[in-house]
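In what follows, a single structure is set out as structure tokens and then discussed.
The values are calculated or read from the model by the stated rules, or taken from the named source; none is laboratory data. Being a predicted model, the structure only gives us computed values, none of them experimental. Quick reminder, even Gly has a Cβ in these numbers, built from the backbone with ideal geometry, and neighbours come from all protein chains shown.
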Amino acid sequence: MPTLHDPATRESIKARLMNLRPDAQRQFGKMSPDQMLWHCAEAMSLALGKVPYGEMPNVPPLPAGLIRWLMLNGPWPKGKIETAPQLKPKTNYDFEAERKRVLALMDELASKPPSGEAVFHPILKRNTFEYQGKLHARHLTHHLAQFGA
């Protein structure tokens, strides 16, 4: 399974990020390219403990282990998954600044030991940086596909 801890996967995602254009047309969803970059950066910032998770409404009544498995292995319907309120962009952002932030956060997350415990998540509960490396590789891949990158 692709993970940000794998240098080849990380470099592949970085190349796709560098090919993303600020005027790229979305193929699904509601975000613009700058908003998507902000969204992905915020998600990694949460995982790294840089910003707090806060309240998580609409927590599914499923065991955390099942949710973790579904997040990595289940389908991600295009444009049909509602994100957490703190990950919804509220304005437009500086495209280049957000791209740089995503690239730096990818490297920071990848520098964490896979067996290390990531920040406690209100839905996923206890999880590792190995899990977060896989989750964010999938998340970035999903959103890059949103813009054909």
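Annotations for the structure displayed:
- Among residues of the range 90-113 that are of a type outside the set (S, T, N, Q), those with a Cβ under 8 angstrom from a residue that is assigned to a loop (DSSP other than H, G, I, E, B) and modelled with pLDDT under 95, sequence gap 6+ or separate chain, pair up as Leu105/Leu48; Glu108/Leu48; Leu109/Leu48; Lys112/Leu48; Lys112/Ala118.
- Residues in the range 105-120 that are over 14 Å from the mean Cα position of the chain (by Cα) and not hydrophobic (A, V, I, L, M, F, W, C) were compared, and the one that is surrounded by the most Cβ atoms within 10 Å (Cβ to Cβ) is Lys112.
- Odd one out for Pro33 among (1) surrounded by 15 or more Cβ atoms within 10 Å (Cβ to Cβ); (2) modelled with pLDDT under 95: (2)
- Output for the range 36-71, where each listed residue is modelled with pLDDT under 90 and of a type in the set (S, T, N, Q): Asn58
- Of note, Lys78 satisfies the criterion of being surrounded by 12 or more Cβ atoms within 10 Å (Cβ to Cβ) and not hydrophobic (A, V, I, L, M, F, W, C).
- Members of the range 127-149 found to be under 14 Å from Ala64 (Cβ atoms), touching a residue at least 40 places away in the same chain (Cβ under 8 Å) and either aromatic (Phe, Trp, Tyr) or in contact with an Asp or Glu (Cβ under 9 Å, 6 or more places away or on another chain) (or both), listed by number: Asn127, Tyr131
- Entirely in the range 1-111, the helices (runs of 4 or more DSSP H) that have 3 or more residues that are in contact with a strand residue (DSSP E or B) (Cβ under 7 Å, 6 or more places away or on another chain) and closer than 21 Å to Lys125 by Cα: none
Table: residues versus (1) β-branched (Val, Ile, Thr); (2) surrounded by 20 or more Cβ atoms within 10 Å (Cβ to Cβ); (3) touching a residue at least 40 places away in the same chain (Cβ under 8 Å).
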{"site": "His5", "(1), (2), (3)": "no, no, yes"}
{"site": "Arg10", "(1), (2), (3)": "no, yes, yes"}
{"site": "Ala15", "(1), (2), (3)": "no, no, no"}
{"site": "Gln27", "(1), (2), (3)": "no, no, yes"}
